[in-house]
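No value in this document is a laboratory result; all are computed from the given coordinates. On a predicted model such as this, the values are computed, not experimentally measured, just so you know. Heads up, the Cβs are rebuilt from the backbone with ideal geometry, glycines too, and the neighbour counts pull from every protein chain shown.
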Amino acid sequence: TITTFPTVPETNDEEKMTLPTVERFQLFIHIVNGTCIQVSWHSLFNVMAYKLTWVKMGHSLEGGIIQERIVTDKRQNISLTNLEPKSTYRICLVPLDDFNNYRIGEDTVCSEGTTKASLLN
């Protein structure tokens, strides 16, 4: 039996990748500029849809500004726009089942990314 382990691609300071312990789901973060983060993912199992959430760090999750979007299985990337420059965001992706219910929490993948400084600052 040959066991193949996933390889971690080379990244730079502007790109992060999170591998969950189950290694069935990968989340990639690319900082585009001061107001945009590109999020992409790869799943090793079939998913009907995903729930993508993001929140600016430093804000309370209770009463904070948590934004979310449901993304169909056809997409594997999305751009988060109108973000604040030089701000850190926590981004989570949750696979949903056929009825748009959450799957078991172990499949949730989160990562953080910090937007660049604005050219106007």
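You can think of it this way: the chain between Val32 and Thr88 has 18.8 nm of extra reach, that is 0.36 nm per residue less the Cα-Cα gap. Computed over neighbours whose Cβ is under 15 Å from that of Glu84, the net charge equals +3, Lys and Arg +1, Asp and Glu -1.
For Ser79, Ser87, the sequence from fewest to most other C-beta atoms within 10 Å is Ser79, Ser87.
Counting neighbouring Cβ atoms within 10 Å and putting the fewest first, the residues His42, His30 line up as His42, His30. Relative to the current alpha-carbon distance between Phe45 and Glu112, full extension at 0.36 nm per residue lengthens the span by 21.8 nm.
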